[in-house]
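Reading through the structure tokens given below for one structure.
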Amino acid sequence: MDLADLNERLLDLVGGDPFADVRALSSEHQARHECGLHNAGGPVMSTIAAIVRSAGAQRVLDLGSGLGYSTLWLAHAGGPACHVTGIDADPEHTDAATLIAAERGFADRVTYLTGTVADVLPTLTGSYDLIHDDAWFADRPDHLDAAIELLRPGGTFTMANWFLLFDTLTQSQQEKWEHFAGSGWQQRTLDYAEHLASRPDVAVQWITSPPVGIATKRDGPSVGLDTPMAAISFRRTSEQVADVVLAWQRPDRPFFAAGACHILARQFVRRHSAYRVVAIQPRPGWKGAHVFATNGKQAFDFNGWSLEADLIRANVEASRAESPDWEFDLLPATDDFDEFCRSINCRTAELYPGDVEARADRFIDAIASTRVDGQSRG
């Protein structure tokens, strides 16, 4: 009995594949259309499902969802409160997946979006507990950065198709992968694995059987809290400045770094009365404003927690690197917050296309447990 058969037998011991019929439909569809639709299989999805359950994932993305086999596994594992969004580039796939989900009683727990993953991810808002990626093969996906940006700190990024890495390392090719991935797939797969392993924002581990990659997004910012990032690192394009809908479609961290930092600070202060909202306001003629919450020593913004002096220094140094004569004032918010927003040329809450205050609250919930000076903050 080889490892694949063993994994199927182990799955049978715990009740088998609850979506074996959808798995069969996927295989039949691929055979007819030769569209590259290959589902991950029961052993892989059973492993991912165990991660969903242990993480208590309630907001999940399925990249490369096909006819919805993996999406249904994820939704089933997450329970009645879990919602899974599947993304697939083929409208025939998403149409069929929508019907299949409805037939199996999952219509209110799954949603399918049509488009390439790289195009769809920037349109999503909020953060996700778990993202499952079956939309890559050998090459590092062009959607990787956007996917990790959408994960909440501590969230999980699971990946199928890592049998390619194991075939590369053991030099025991199971199939002629050149047919699917082209020549040089071994080196490209290895390059992707090395890139994941070297990223500072995730911790990655591989399981050999079934072959799965698991990356956990590190808590807090990708740099140390003693060196917070400057807001202009996430500067909006001119189109995003002009169009609030485009700005709204950015992932949470850049959105609350540049474009809604004042809303994030206000929502934080509403929870923590010892803090106040303060703006780093450039002198007339300069750009580079940023708003944060502070108690005079510790500050909170899109970085999570940092020391106020370090946060100010990071923003000042970044602005002066572009304009050496750049100067600013620290401007505390007034009691009339809407008037304060207008005075620093920021949108008031009602001018956003969605509930920006609720979005800020979710972001605070996701990152406010990061640490400063060894103290847990909540």
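A compact table of results
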quantity	calculated
Answer from Ala81, Ala75, Ala57 - the residue that is touching a strand residue (DSSP E or B) at 6+ places or on another chain (Cβ under 6 Å), hydrophobic (A, V, I, L, M, F, W, C), in a loop (DSSP other than H, G, I, E, B) and under 22 Å from Asp108 (Cα atoms)	Ala57
Positions within segment 226-267 being crowded, with 19+ Cβ neighbours inside 10 Å and small (Gly, Ala, Ser), in sequence order	Ala230, Ala231, Ala247, Ala257, Ala258, Gly259, Ala260, Ala265
Top-ranked residue in segment 268-286 [being under 29 Å from the mean Cα position of the chain (by Cα) and either modelled with pLDDT under 90 or among the basic types (Lys, Arg) (or both); ranked as farthest from Arg347 (Cα to Cα)]	Arg271
Check on Leu25, among the hydrophobic types (A, V, I, L, M, F, W, C), in a loop (DSSP other than H, G, I, E, B) and at pLDDT below 85	no
Every pair of residues 6+ apart whose Cβ atoms lie under 9 Å, when the first sits in segment 109-132 and is more than 19 Å from Leu67 (Cα to Cα) while the second is modelled with pLDDT of 95 or more and charged (D, E, K, R)	none
Unmet requirement for Asp338, which otherwise passes all of (1) surrounded by 16 or more Cβ atoms within 10 Å (Cβ to Cβ); (2) outside any loop (DSSP other than H, G, I, E, B); (3) not aliphatic (A, V, I, L, M)	(1)
Pairs where the first residue, in segment 191-217, is under 30 Å from Arg9 (Cβ atoms) and the second is assigned to a helix (DSSP H, G or I) and of a type in the set (S, T, N, Q), C-beta under 6 Å, 6+ apart	Pro210/Asn7; Pro210/Thr47; Val212/Thr47
Search result, residues across segment 323-345 that are in contact (Cβ under 8 Å) with a residue 24 or more places away in the chain and over 16 Å from Arg276 (Cβ atoms)	Ser323, Trp326, Glu327, Phe328, Asn345
Any hit, segment 87-108, residues being over 24 Å from Ala57 (Cα atoms), within 22 Å of the chain's Cα centre (by Cα) and in the same structural domain as Leu63 (by TED's automatic domain parsing)	yes
Entirely in segment 177-281, the helices (runs of 4 or more DSSP H) that have 2 or more residues that are basic (Lys, Arg) and farther than 20 Å from Ser127 by Cα	261-271
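The values are calculated or read from the model by the stated rules, or taken from the named source; none is laboratory data. Because the structure is a prediction, the values reported are computed rather than measured. Don't worry about glycine lacking a Cβ; one is built from the backbone with ideal geometry, like all the others, and counts go over all protein chains shown.
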